[in-house]
1. Restricting to region 8-37, give me the number of residues that are surrounded by 14 or more Cβ atoms within 10 Å (Cβ to Cβ) and either among the polar types (S, T, N, Q) or in a helix (DSSP H, G or I) (or both).
2. Six or more apart or on different chains, Cβ under 6 Å: which pairs go from a residue in region 57-79 that's at positive phi to one that's in a helix (DSSP H, G or I)? Could you list them?
3. Does L45 meet the test of being closer than 20 Å to P13 by Cβ and loosely packed, with under 15 Cβ neighbours inside 10 Å?
4. Given the criteria part of a loop (DSSP other than H, G, I, E, B) and at pLDDT below 95, does V73 qualify?
Amino acid sequence: MQYPSENLPNQEPKLLDQVRGKIRLKHYSIRTEQAYTDWIKRFILHFGKKHPRDMGAAEVEQFLTYLAVNGRVSASTQNQAKCALLFLYKEVLAIEPSRVRCAYP
């Protein structure tokens, strides 16, 4: 399968295409792919389309707090969002966000 951004010469794939590629490389389920990309999109949009590379643990914690307080999401939903963001930072961007932990491998 070709990603839309692969047609552009000498250009790195878009962030969400990189996420999808890494998820598929690790043989995660399609539902995990959909959930993770959705949470990552929501995270980026929450901060006005700021690139995650320019954000860190403080923004992740702020977003998760927003979900719990304003979004009124359950603990398991908040954990899923945290795991998606941790996957983005660790696996795709190769950045270790400090003090953000996840029980999911």
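The values are calculated or read from the model by the stated rules, or taken from the named source; none is laboratory data. If you're wondering where the values come from, they're calculated on a predicted model, not measured in any experiment. No Cβ is skipped: glycine too gets one built from the backbone with ideal geometry, and neighbour counts run over all protein chains shown.
1. 14
2. Within 6 Å, no pair qualifies.
3. So L45 passes the test.
4. Yes: the conditions hold for V73.
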